[in-house]
1. Quick one: would you say LEU202 is touching a residue at least 60 places away in the same chain (Cβ under 8 Å) and either crowded, with 17+ Cβ neighbours inside 10 Å or assigned to a loop (DSSP other than H, G, I, E, B) (or both)?
2. Please determine whether any residue of segment 70-92 is closer than 28 Å to GLU117 by Cα, touching a helix residue (DSSP H, G or I) at 6+ places or on another chain (Cβ under 9 Å) and either assigned to a loop (DSSP other than H, G, I, E, B) or hydroxyl-bearing (Ser, Thr, Tyr) (or both).
3. What are the residues in segment 168-184 that are out of contact with any Ser or Thr (no Cβ under 7 Å at 6 or more places or on another chain) and either more than 16 Å from ligand 2 (Cβ to nearest atom) or open to solvent by 20 Å² or more (accessible area, probe 1.4 Å) (or both), if any?
4. Restricting to segment 274-313, name every residue that is among the hydroxyl-bearing types (Ser, Thr, Tyr) and either within 30 Å of GLU198 (Cα to Cα) or open to solvent by less than 70 Å² (accessible area, probe 1.4 Å) (or both).
5. Those residues that are under 17 Å from ASP145 (Cβ atoms) and assigned to a loop (DSSP other than H, G, I, E, B), I need them from segment 99-125; list them, please.
6. ASP8 passes all but one of (1) away from ligand 1 (no atom under 16 Å from the Cβ); (2) in contact with a helix residue (DSSP H, G or I) (Cβ under 7 Å, 6 or more places away or on another chain); (3) of a type in the set (D, E, K, R); which number fails?
7. Please determine whether any residue of segment 235-257 is open to solvent by 60 Å² or more (accessible area, probe 1.4 Å), in a loop (DSSP other than H, G, I, E, B), more than 16 Å from ligand 1 (Cβ to nearest atom) and touching a strand residue (DSSP E or B) at 6+ places or on another chain (Cβ under 9 Å).
8. Could you look through segment 16-48, keep only residues that are within 12 Å of ligand 2 (Cβ to nearest atom) and of a type outside the set (A, V, I, L, M, F, W, C), and pick out the one that is nearest to ALA236 (Cα to Cα)?
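The values are calculated or read from the model by the stated rules, or taken from the named source; none is laboratory data. Everything numeric in this text was worked out from a predicted model, so none of it was measured. Cβ sites come from the backbone with ideal geometry, for glycine too, and all protein chains shown count toward neighbours. In case anyone asks, the SASA skips ligands and DNA or RNA and just uses the protein heavy atoms, side chains included. Shrake-Rupley method; radii C 1.70, N 1.55, O 1.52, S 1.80 Å.
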Amino acid sequence: MLVYLDCDPGIDDALALGYLLAHPAVDLALVGSVSGNTDADTAARNARDLLELFGRPDIPVAVGRTDFLTHPYAGGAPHVHGDNGIGGVELPRGSAAFAAGSAADELIALARARPGELHVLAIGPLTNLAVALEREPALAGLVADVVIMGGAALAPGNVTAAAEANIHNDPEAAAAVFAADWDVTIVPLDATMFQRFEQADLDALQAEGPRARALGRMLHTYYAFYRQHFGRPSSALHDPLAAAVLTGEAVVSSAARVPVVVDTSDGPGRGQTIAELRGRYRPVAPHHPDGVRIVFDIAEPFAPQLLARLLSL
Ligand code: BDR
Ligand code: CA
């Protein structure tokens, strides 16, 4: 499957990138950076250095814009992902040049070149996708589907009581992406908070070669943050779970397809994903053909699958 990855590495973004490269069915054609966990320039450098580490410097990286649609980037999440976005780990510098166009423009060019084939995986704020939709209104009809790590349907938020980080960073962009006429799946906190790496997973990565070891070193920072939530060194697997929903390796066992709107007000609900789930507790999950597919759960624990992929890098 032909994939465009839009990301803000980001420790779990690094895991997702490793997962995609390790998956034999994935043809990763382009990586775009976006501000979120860190600024878009740093995210692009991290993506390039990770691709070098993983032996794929041939995959182009396009830099996204630093600021969000209606407000400036304001410093990312160093308390979660470290000052450099990847847990303070210094990777050898990749030497590949960045793509000539912006992430949005390179996405449009790729979708035009391969109409109907491209699967879009967005694991950061949705700024680039919204810019691309604005520049090329036909984009929605050119891509196969869009899978997004983001939102909280029935679960609490992780940056405010109601909002998840990727959506909260750029709610206007998320609103535009959800409103567009394409097939969107979100993998929200409802699912991702329950798929976790534990100490044994980190130990297994640390015992492996330099690629897995680098990911293990990054995870120390992520584990330190998540300790306050889980009471032990551990981490949620947000972005890699979205990647595995895209590939189908994570088999979805509970989902609904419903209208979703994003709160773009300046009130306490800003960034909330408001899902029309009033039919959720009927025997058959609600299905609105034009809605956003919300993943609530998967059939098997994902951590063993992810670990096996990462150890094979
Ligand atoms: C999302 O926010 C970022 O911090 C992570 O990389 C993930 O994409 C989780 O809310
Ligand atoms: Ca991310």
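1. Details: touching a residue at least 60 places away in the same chain (Cβ under 8 Å): no; either crowded, with 17+ Cβ neighbours inside 10 Å or assigned to a loop (DSSP other than H, G, I, E, B) (or both): yes.
So LEU202 fails the test.
2. Step one: of segment 70-92, the residues closer than 28 Å to GLU117 by Cα are none.
No.
3. Once the filter is applied, which keeps residues that are out of contact with any Ser or Thr (no Cβ under 7 Å at 6 or more places or on another chain) and either more than 16 Å from ligand 2 (Cβ to nearest atom) or open to solvent by 20 Å² or more (accessible area, probe 1.4 Å) (or both), segment 168-184 yields ASN169, ALA176, PHE178, ALA179, ALA180, ASP181, TRP182, ASP183, VAL184.
4. Hit for segment 274-313 is SER312, nothing else.
5. ARG114, PRO115, GLY116, GLU117, ILE123
6. Only one criterion is unmet by ASP8, namely (1).
7. Checked against the condition, which is being open to solvent by 60 Å² or more (accessible area, probe 1.4 Å), in a loop (DSSP other than H, G, I, E, B), more than 16 Å from ligand 1 (Cβ to nearest atom) and touching a strand residue (DSSP E or B) at 6+ places or on another chain (Cβ under 9 Å), segment 235-257 yields at least one hit.
8. Within segment 16-48, the subset within 12 Å of ligand 2 (Cβ to nearest atom) is 16-17, 33-38, 43, 46-47.
Then drop every residue that is not of a type outside the set (A, V, I, L, M, F, W, C), which leaves 33, 35-38, 46.
Details: SER33: 22, SER35: 21, GLY36: 17, ASN37: 15, THR38: 19, ASN46: 21 Å.
The qualifying residue nearest to ALA236 (Cα to Cα) is ASN37.
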